Structure formats: C-alpha cells, structure tokens
Amino acid sequence: MNSTINELLPMIKIGLENQSLFSAGSKNIPVTKIELLNVDTISATIVTEFSRINDVKMEVATVIGFFNGFFRNDHLHLKIANYAVSILDVNGEELLYAICSKSNAELLGKSNALDWLRTVYFQENTSDYRLQRAKLIISEIENGLRFAIKEVLMNVYGENWWLDKIDEKIRSSVDDVYLSQFGETISQGNILIDYTFTMHLKKIILVHWKEFSKFFISKRDFESQVEKLNLIRREEAHNRPITLLNIIDLEEIHQRLLAKLLDIYPSLTSMYMVENWRIKISSISLVRPKTDNFSERFSNETNDVVKIKLIIEHTENLISYINEVITLLNSIPVPPQKSGRHKTLVGLYETHRELEEEILVNIHGNKLAAAVAFQGKVASHDLIIKEFINDFLNQEI
C-alpha cells in the first residue's frame, strides 16, 4: 500500500501547483511537500501569501477539497483516514495546522463548508491569533491576582481593606482612572481593584507577602514573573506584534502565578487553561503507534515460534506508544473542573498498558493461547478508549 501512495504523492503535488490548468478560476497552491503520516494521513505543507486567519483557512479548504476529490472513490483501497495541512508564511513560519477526517472532508464536496469548519482541528499561529491569545492570558493572570487580593484582604482586614491597607499612591491612581471613566469617586475596594494595573497588583501582594506567600513558588519568582508579564503587557496594550516566544512566556507565567490559586479557589476559572487543555488532548489523540502490519503478518504465519516473536514485537511497540501518550497527558496543566475527565482518560491508557504487559507475561511463560485470548480483551478496551476520545472531541471541541 505504501509504495502505491508514495507513487501518487508527486501527482498530488503537481495537481495542487497547477490547479488553474484543470479548473478555470482556481488558484495554484505553492507546495513545499506532500507526505504520508501515520500510515493513514495525507499531509500537505504549503506556502501562503495571506496573513488573515479567514484567508488562511480558505487555503486549507482548497487543499482538503482537492484531497477529497483525489481520494474520494478509493478504488486502490488505500485506506486513507485523514487529511492534514500545514500552512507556512513566506518566511517559513507556520501560521496554521489543520487536520480532518476523510469522511468529514466529504462535507466540502457537498458544499457544506460551515459544517466542515466545525469538524476541523485547527492550531493557529497567525499574528492576530497570537495577539488575541496574549490578551486572554494576560487578562486571566491580572484578574486572578485581583481575585486573590479581594479574597485575602477582605477576610483578614474586613470591608475597609481598600482604605486601610492599600498604599495611598495606588488608591489615588485608581481613583483618577475611575473618575475619568465614570465622573465620580467611590471607596469600595471590591470594585476599585478592577481598575488597578499590573505593577499595582505586584506592590499590593509584596506589601502583604505574609498573607499571599502560600499562592506562589517564592517571593523572588513572583517578582520575576510579574516583571516579565508587565513587559509583554506593554506590547499587547499597544497592539504591537506578539511573537510565539511571547506566548510561550505567557503560558509559563500563567502556570507559575495562577496554578495554586486555581487549586485553592475552584470558583476561579481559567478559559485559557480549558482551551489549552482541549487543544493538547486533541493533539495527543492524533498520536498513533508505529505501524507493524501485525494482524496481517500474524494471520498469515503458521509457525508458533515466529508468532510468539511477532506478538512480543507488536506488544512492546504498543507499550512504548502507550507510555508516550501517558507522559504527554501527564505533562498538560489540567483545569480543576476538568480533572475528573482527565484522570479517567489517563486511567484508560494505564489499564491498556496493564493488559499489554499481561500479554508479555503470558508469552514469556509460553502461554500462546492465553496471550492470544488477552488480545481480545485489549481490542475491547482499545474500543472503549476510542469511544471516549470521540465523545471528548464531540463535546469539547
């Protein structure tokens, strides 16, 4: 099968690069490469002149529409399951990665573009996307710190905490902001705290460090993270370009400043963390075990000794894959409200690993029949995992 697909890949590249020859009004697509991923996914890497996300997504639709037409009938029985597109800008930076199933790509062929868009997994990296993501993360960090200040100082010092315990310069600055917006002054700290700036929050927490120390790694780390946040905040506030490195830094700052707060206060939710968790889980769901054509090789083999070797090789391959998935899952920051679902998913993979390890135990004990029987249990459990993942994708994405 692979040799047949590999022979077709250059034809696909030529077709995309010369679409105008086959369809009047169609745009030729500059293709960097076409490749086969994970045995069942056709992937294209292309270059675009566009920077607006809607224009870039239209490029994705063009490529996947071409794939859909090319592989629709599958008369060669290639068993293609997914189409993927990586779109680069003229400097070679990835703007967008998209993947959808072959069956969902049929929606494009039926002119159901909006329905198709809802089924595609997108990972964006355009300048607009980075700016909006930066705004979301910064807002969550600042609002999380404001929430902590309100909760702690109200509990420790009572309703007059703003007047009694906040530095006069900060209060004066905030009063000016509130007055300029609403034409009046107030004294309610629970309202005025929302008009503080990043460095105000830093100073308030440091002055009352004894009350806030439990929320952060250390005083030095807190100061360092807020300083980094403030530098990026200036760029975001003026709508200046936000780099991918800025986003990576903000994600780390978010984790270091809010992780303990989110655990202690379940009511303090993080849309960024939920979105990030969903994206990471979706990405991990695309990880596949290394193909070894086990079923075909095993069914065609008559020698029991060779069969045992095939089972060992296949099982060790799957255990390695499961360990990789579990490691990836455990590396994701999990929103408190999603912890139950996350633990269930990790538990499913851990059970899968235990079943595979039991197969190895039986094989090494020369119990071929028992090992083969266990493969049935593994197949049933694997189906449970797939159903859970499909349910996750339908509900969360």
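Values in this text are rule-based calculations from the coordinates and carry no lab data. Bear in mind the structure is a predicted one, so any value in this text is a computation, not a measurement. Here the Cβ is made from the backbone with ideal geometry for all residues, glycine too, and neighbour counts use every protein chain on show.
Could you give each residue of the stretch 67-73 its phi-based ³J(HN,Hα) in whole Hz, using Karplus coefficients 6.51, -1.76, 1.60 with θ = phi - 60°, and x for Gly or Pro?
4, 4, x, 5, 9, 4, 7
Using the Karplus equation 6.51 cos²θ - 1.76 cosθ + 1.60 (θ = phi - 60°), what ³J(HN,Hα) coupling, rounded to whole Hz, does each residue of the stretch 374-390 give in order, writing x for Gly and Pro?
Karplus values, whole Hz, x for Gly and Pro: 5, 5, x, 5, 4, 4, 5, 5, 4, 5, 4, 4, 4, 5, 5, 4, 4.
Once the Cα atoms of helix 219-237 and of the chain are each reduced to a long axis, what angle between those two axes, in degrees from 0 to 90 to the nearest 10, is obtained?
Computed tilt is about 80 degrees.
Once both axes come from the Cα atoms, what is the angle between helix 339-364 and the longest principal axis of the chain, in degrees from 0 to 90, rounded to 10?
30 degrees
Give me the Å³ per residue figure for the convex hull around the C-alpha atoms of the stretch 2-125.
So the per-residue Cα hull volume is 106 Å³.
Expressed as a whole number of Å, what is the distance separating the alpha-carbon centroids of the stretch 46-94 and the stretch 189-215?
Between the Cα centres of the stretch 189-215 and the stretch 46-94 lies a distance of 48 Å.
Work the Kirkwood hydrodynamic radius out for the stretch 129-268: mean of 1/r over every pair of different alpha-carbon atoms, inverted, in Å.
Final number for the Kirkwood radius of the stretch 129-268 is 15.7 Å.
Suppose every Lys and Arg Cβ carries +1 and every Asp and Glu Cβ carries -1, with no other charges. What dipole size does the chain come out with about its Cα centre, to the nearest 20 debye?
Computed about the Cα centre, the dipole is about 180 debye.
How large is ³J(HN,Hα) for each residue in the stretch 296-309, as worked out from phi by the Karplus curve 6.51 cos²θ - 1.76 cosθ + 1.60 (θ = phi - 60°), to whole Hz, x for Gly and Pro?
Along the stretch 296-309, the couplings run 5, 5, 5, 5, 8, 8, 10, 7, 5, 5, 5, 4, 4, 4 Hz.
Roughly how tilted is helix 168-182, in degrees to the nearest 10 and between 0 and 90, from the longest Cα axis of the chain?
Rounded to the nearest ten degrees, it is 80.
Using label points projected 7 Å from each Cα along Cα→Cβ, tell me how many nm separate GLN255 and VAL274, to one decimal.
Label-label distance for GLN255 and VAL274, simple model: 2.1 nm.
With 5 Å bins from zero, work out the P(r) of the stretch 279-396 over every alpha carbon pair and list the percent per bin.
Here the calculated profile for the stretch 279-396 is 2, 10, 20, 22, 17, 11, 8, 6, 3, 1, 0.
Please report, for the Cα atoms of the chain, the Rg to one decimal and the Dmax as a whole number; what are they, in angstrom?
27.1, 89
Between GLU313 and GLU235, what length in nm is gained on full extension when 0.36 nm per residue of separation is reduced by their alpha carbon distance?
Contour length minus Cα-Cα distance gives 22.8 nm.
Using DSSP to call loops (not H, G, I, E or B), can you name the GluC sites (Glu not before Pro) in the stretch 96-195 whose Cβ has at most 14 other Cβ atoms within 10 angstrom?
Sparse-neighbourhood loop GluC sites (Glu not before Pro): GLU159, GLU184.
Which of the lysines could a cross-linker bridge to LYS309, judged by Cα under 19 Å and excluding same-chain residues fewer than eight apart?
Here the lysines satisfying the reach criterion relative to LYS309 are LYS290, LYS367.
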